[in-house]
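The values are calculated or read from the model by the stated rules, or taken from the named source; none is laboratory data. Because the structure is predicted, anything quoted here is derived from the model rather than measured. Glycine gets a Cβ as well: all are built from the backbone with ideal geometry, and neighbour counts include every protein chain shown.
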Amino acid sequence: MSAREQILAAIRRSLGVTGNEAPRRKEVADRIAGHPRGVIPARGQGSPQERLDLFARMVEQAAGSIARVNDPADVPAEVAAFLRRYNLPMAARRGVDPRLADIPWQRAGTLEISTGAPDPKMLSSVSHAFAGVAETGTLVLTSGADNPTSLNFLPDNHIVVVDAKDVTGDYETVWQRLREKFGDAVLPRTVNLITGPSRSADIEQTLILGAHGPRRLHVIVVGAA
Amino acid sequence: MTHVATSPHFKENAKAALADTELQNALKFVEVNIVTRRREVVDRLPEFDALRDSARDIKNHTLAHLDLYLEAYEQKVTAAGGYVHYAVTAEDAKRIVLDLCRKFGARTVTKGKSMIGEEIGINDHLEANGIVPVETDLGEYIIQLRHEMPSHIIMPAVHLTKTQIEADFRRAHDKLPADRDLTEATSLLTEARTILREKFLAADVGITGANFLVAETGTSIIVTNEGNGDLTQTLPKAHIVLASIEKLVPTFEDVSQLLRVLARSATAQEMSVYTTLSTGPRRADDPDGPGEYHVVILDNGRSSMLGGDFADMLRCIRCGACMNHCPVFHAVGGHAYGWVYPGPMGAVLTPSLIGVDQAGQLPNASTFCGRCEEVCPVRIPLPRMMRSWREREFERHLSPATVRGGLAFWAFFAKRPRLYGLATSLLARLLALIGRRKGRFGWLPLASGWTRHREFPAPQGATFQAQWKAHKAGRR
């Protein structure tokens, strides 16, 4: 008997089942297909404007910084302002996301936004989020050429652009939107839920930002709620 | 089992821990920092208790259908191009991981934090076979330098002070300038970050644990704060996930319920920094990510816990809240428990995994104050289960003869209430008589465990039962 068979048999023995019971099989199939929602905190369920305000508050509470701009064309100036604030080189790496490609980067003068393989020496990166979640100030990013996963972790400074309309109240709305975009029960290789910059409290429980991932996380919300 | 359990010597371990000044200095932070901060973050979420009920119900439902969720999960992993390996025992899991590492020609392997990795002792096994495992979680990295086990399931190095860590870094990173300043925690972290960055880029295989395995999509989830798990699983050519059967969760809606209680209970955060969903290997046009994705699912005795007295323990999501709130853990730390899992959850789980003959002392290391159950995000009745273990330890004649004798003596009287009342009132009168001058005893036969540390007051008046009887009669 294979290890797989042994484990399944042991589980079934303990549960007193055979695995062939139709009602059990149906219950499992229904739950997976229907994915019922549980308790959803009220805090994220306000008006779109309240949702954006909560999102901003929670990003800051998680030690991230946040800016709001009206139009994608305003993003380069905001990126430049962020880099200047921390005396960083005016350069960042991005993926090939069309929403980032369409941004008029040249408007920010000396700012150099490059694409290509993630370079471990690059200090800053720009990603476009799939969504934001107001209840905890969380960003949702999906892997692929558009927004390579390593750009979320290798650089010291991670700048994330998110459309205001993609800021949801809760995680459940994000799962639903992921299903709509990628299909039922299918996901990209990596989905990153990111809440603030990297940190560790492993030394005497002293919280320090910038463990292995970015030391700074800057969120730029584009458009109106 | 690779780690030799010192659980049978809990008493000796605890004694040594209480006398260890460095350890006591390190432990004093736990109660102050974490307990208060958890309270604050929980108070900010009015739905917290409802979420705990929901989390408990999801886990119970999944465990009751675990065979079917495992099958569904496996099918989805395979459909996404990944592989599922089953391991009945720790030995099986080690063999599978080693075979995979050899297949990828691995020389160095980076590791995210994994309690299953600790449980099976994967690092020693890889090392013995010429593969260098590098722990990348800061706490795990520190204890790997010291060849220690974690002393806490989410803060592995909580038993150490900054000064000790500085000494370890100076010893291990001996190529760096000796006069560098490492007095601040920040400088220690920066040094580890720089050293580990090279390891991330050089590793052939990345091994992570899993907080959840999602049946709906065949996804494994890790929840971290440092980002080390993500670099571990994104940069090398293969990603191996170490998990156990009870990590299964049906859907993402269910995962959200668990996530909402996990970070708050574990680190007093609204949400951990990185919650990462991994499904299969990198896709055809992905610029990064591992070329292969393997999940090793360990049983190691868990399947036999289902449906029994200790089934509730399989709900555990490894947040560590029980140990953060445990007065025994605060006093002796995690190493005294002698194996991988410390604190109240360890006191219940360890006897299940390595046997009550090895770990029977652990369930005795409890004051039954009940704080562990009060804060458990999935409402595991930890005190009840510790009592069950005590009963089993007694039934199997594993407890010492003096304890058994004492209990039998007490039980004889407890079962005969009249005789009990008579004996205790005689004893009380006798003690009152002997102790009438000083009003207290500096030493008493059979009670030296008490009188060694404090005096025993001489009884005054009647026994409690007699007083209670009189009190009730008076009220009537």
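Picking from B:Val132, B:Val158, which residue would you name as being among the β-branched types (Val, Ile, Thr), buried (at least 24 other Cβ atoms within 10 Å of the Cβ) and under 23 Å from B:Val4 (Cβ atoms)?
Working: B:Val132 fails: buried (at least 24 other Cβ atoms within 10 Å of the Cβ).
Result of the check over B:Val132, B:Val158: B:Val158.
Are there any pairs, at least 6 apart or on different chains, whose C-beta atoms fall under 6 Å, with the first in segment B:16-30 and within 18 Å of B:Thr6 (Cβ to Cβ) and the second of a type in the set (Gly, Ala, Ser) and surrounded by 13 or more Cβ atoms within 10 Å (Cβ to Cβ), and if so, which?
B:Ala17/B:Gly333; B:Ala17/B:Ala336; B:Leu23/B:Ala17; B:Leu23/B:Gly333
Restricting attention to segment A:58-92, and to residues there that are surrounded by fewer than 14 Cβ atoms within 10 Å (Cβ to Cβ) and touching a Gly at 6+ places or on another chain (Cβ under 8 Å), which single residue is nearest to A:Leu111 (Cα to Cα)?
A:Asp71
Cβ-Cβ distance below 8 Å, separation of 6 or more or different chains: which pairs start in segment B:416-433 with a residue that is in a helix (DSSP H, G or I) and end on one that is aliphatic (A, V, I, L, M)?
That search, which allows pairs on different chains as well, returns B:Tyr420/B:Ala414; B:Gly421/B:Ala466; B:Ser425/B:Ala462; B:Ser425/B:Ala466; B:Ala428/B:Ala462; B:Leu431/B:Ala458; B:Ala432/B:Ala458.
Here are B:Thr208, B:Thr194, B:Thr186: which of them is out of contact with any Lys or Arg (no Cβ under 7 Å at 6 or more places or on another chain), touching a residue at least 24 places away in the same chain (Cβ under 8 Å) and among the hydroxyl-bearing types (Ser, Thr, Tyr)?
Result: B:Thr208 is the single residue among B:Thr208, B:Thr194, B:Thr186 that is out of contact with any Lys or Arg (no Cβ under 7 Å at 6 or more places or on another chain), touching a residue at least 24 places away in the same chain (Cβ under 8 Å) and among the hydroxyl-bearing types (Ser, Thr, Tyr).
Among the residues of segment A:36-43, is any surrounded by 14 or more Cβ atoms within 10 Å (Cβ to Cβ) and outside any loop (DSSP other than H, G, I, E, B)?
Within segment A:36-43 (the criterion being surrounded by 14 or more Cβ atoms within 10 Å (Cβ to Cβ) and outside any loop (DSSP other than H, G, I, E, B)), the answer is yes, since at least one residue qualifies.
Name the residue that is farthest from B:Lys76 (Cα to Cα), counting only residues in segment B:250-271 that are within 7 Å of chain A (Cβ to nearest Cβ) and in a loop (DSSP other than H, G, I, E, B).
Filtering segment B:250-271 for residues that are within 7 Å of chain A (Cβ to nearest Cβ) and in a loop (DSSP other than H, G, I, E, B), the one farthest from B:Lys76 (Cα to Cα) comes out as B:Glu270.
Of everything in segment B:272-322 that's under 25 Å from the mean Cα position of the chain (by Cα), among the acidic types (Asp, Glu) and in a loop (DSSP other than H, G, I, E, B), which residue is farthest from B:Thr251 (Cα to Cα)?
If we take residues in segment B:272-322 being under 25 Å from the mean Cα position of the chain (by Cα), among the acidic types (Asp, Glu) and in a loop (DSSP other than H, G, I, E, B), then B:Asp309 is farthest from B:Thr251 (Cα to Cα).
For segment B:364-380: of the residues being in a helix (DSSP H, G or I) and modelled with pLDDT of 95 or more, which is nearest to the chain's Cα centre (by Cα)?
Looking at the filtered set, the residue picked out is B:Cys372.
So which residues in segment B:109-153 are touching a residue at least 40 places away in the same chain (Cβ under 8 Å), among the polar types (S, T, N, Q) and farther than 16 Å from B:Thr208 by Cβ, if there are any at all?
B:Ser151
Might you let me know whether segment B:428-440 holds any residue that is over 30 Å from B:Ala359 (Cα atoms), of a type in the set (Val, Ile, Thr) and in contact with a helix residue (DSSP H, G or I) (Cβ under 6 Å, 6 or more places away or on another chain)?
The answer is no, given that none of the residues of segment B:428-440 is over 30 Å from B:Ala359 (Cα atoms), of a type in the set (Val, Ile, Thr) and in contact with a helix residue (DSSP H, G or I) (Cβ under 6 Å, 6 or more places away or on another chain).
What residue, of B:Lys237, B:Lys247, is among the basic types (Lys, Arg) and surrounded by fewer than 24 Cβ atoms within 10 Å (Cβ to Cβ)?
Testing whether each residue is among the basic types (Lys, Arg) and surrounded by fewer than 24 Cβ atoms within 10 Å (Cβ to Cβ) leaves just B:Lys237.
Could you count how many residues in segment A:118-145 are touching a helix residue (DSSP H, G or I) at 6+ places or on another chain (Cβ under 7 Å) and not hydrophobic (A, V, I, L, M, F, W, C)?
Here the count works out to 11.
Please tell me if B:Val134 is under 26 Å from A:Leu151 (Cβ atoms), in the same structural domain as B:Val30 (by TED's automatic domain parsing) and not in a helix (DSSP H, G or I).
When the stated conditions are applied, B:Val134 passes them.
For segment B:289-307: of the residues being facing chain A (nearest Cβ under 7 Å) and surrounded by fewer than 21 Cβ atoms within 10 Å (Cβ to Cβ), which is modelled with the lowest pLDDT?
B:Gly307
Name the single residue that is farthest from the other protein chains (Cβ to nearest Cβ) among those in segment B:192-225 being over 28 Å from the mean Cα position of the chain (by Cα) and of a type in the set (Ser, Thr, Tyr).
Among residues in segment B:192-225 that are over 28 Å from the mean Cα position of the chain (by Cα) and of a type in the set (Ser, Thr, Tyr), the one farthest from the other protein chains (Cβ to nearest Cβ) is B:Thr194.
So in segment B:393-412, with the set limited to residues that are at pLDDT below 85 and surrounded by fewer than 11 Cβ atoms within 10 Å (Cβ to Cβ), which one is nearest to B:Leu362 (Cα to Cα)?
Top of the filtered list is B:Pro400.
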